[in-house]
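**Student:** First the structure, which I've put down as structure tokens, then a few questions once you've had a look.
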Amino acid sequence: MTRPVHPIEAESYRRLRAAADLSALPPLSRAVAERIIHASADLDYADDLVLDEDALAAGLDALRGGAPIVVDGRMVAAGITSRAVSCGLDHPRVAEVAAADDTTRSAAGMRLAAEHAGPGAVYVVGVAPTALFALLAADAAPALVVGLPVGFVDAVEAKQALRDSGLPALSNRGRKGGSAVAAAAVNALLYAEDTT
């Protein structure tokens, strides 16, 4: 079943495409880039995103197969409306583990979520660089990592570490990111799932 598109959304995409020509990108990369730019109204993402069509295809295949989606923050979860997600912060032991490990709740939550999700999950980090670092330290075997944490402290470094890890990933080079863009990236794949 095809997702209905409201006329305002259609007009928004028309204007986006007039402002930024992403037609040279492969299909999934273009869909993700456009949805991120649409969600943020930030054309700088056209040059800032690091897109890998094979990684996005692996993520789409995992989503089609029902892979769990694990997110680092409740606002990321709120933005993904067409599938159930697991938020590491909701793990009952997150505060205890964070205190014991002298780390953030986001990092502890991601570590706990990775222990329970199993291999082949899709991980989405849009809030906390510490969650992305924790995921990289875990033996998670993800199908895809959407690494778009925002911030002035370690966001750039966490995204670079993700790219250096060799894991199938989507990221950007700069400080920007956040819940809305991370959710938008996943939504682009979920909507592609409906139409491909």
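**Student:** Residues being at negative phi and in contact with a Pro (Cβ under 7 Å, 6 or more places away or on another chain): count how many of those fall in region 132-141. Don't jump to the end; show me each part of the working.
**Tutor:** Here is the first cut: in region 132-141, the ones at negative phi are 132-140.
From the residues that got through so far, the ones that are in contact with a Pro (Cβ under 7 Å, 6 or more places away or on another chain) too are 132.
Within region 132-141, residues that are at negative phi and in contact with a Pro (Cβ under 7 Å, 6 or more places away or on another chain) number 1.
**Student:** Inside region 1-97, counting only helices (runs of 4 or more DSSP H) that do not spill past its ends, which hold 3 or more residues that are surrounded by fewer than 15 Cβ atoms within 10 Å (Cβ to Cβ) and over 15 Å from the mean Cα position of the chain (by Cα)?
**Tutor:** On the way: elements: 7-19, 27-40, 45-48, 53-64, 74-79.
Helices (runs of 4 or more DSSP H) meeting the threshold: 7-19.
**Student:** Going by the conditions given, is GLY73 closer than 14 Å to ALA121 by Cβ and either free of Cβ contacts under 8 Å to residues at least 12 places away in the same chain or in contact with a Ser or Thr (Cβ under 8 Å, 6 or more places away or on another chain) (or both)?
**Tutor:** no
**Student:** Among (1) surrounded by 18 or more Cβ atoms within 10 Å (Cβ to Cβ); (2) hydrophobic (A, V, I, L, M, F, W, C); (3) over 15 Å from the mean Cα position of the chain (by Cα), which single condition is ALA183 missing?
**Tutor:** (3)
**Student:** Which members of region 21-51 meet the condition of being basic (Lys, Arg) and without any contact (Cβ under 8 Å) to a residue 24 or more places away in the chain? I'd like the intermediate steps shown before the answer.
**Tutor:** Step one: filter region 21-51 for residues basic (Lys, Arg), giving 30, 35.
The answer is ARG30, and nothing else.
**Student:** Restricting to helices (runs of 4 or more DSSP H) lying wholly in region 113-196: which have 1 or more residues that are closer than 19 Å to THR103 by Cα and of a type in the set (Asp, Glu)? Give the steps one after another, and end with the answer.
**Tutor:** Values: elements: 129-137, 155-165, 179-195.
By residue number, 155-165.
Computed from the coordinates by the stated procedures, all read-outs in this text should not be read as laboratory data. Since this is a predicted model, take the numbers as computed values, not measurements. In this analysis, Cβ positions are derived from the backbone assuming ideal geometry, glycine residues included, and neighbour counts consider all displayed protein chains.
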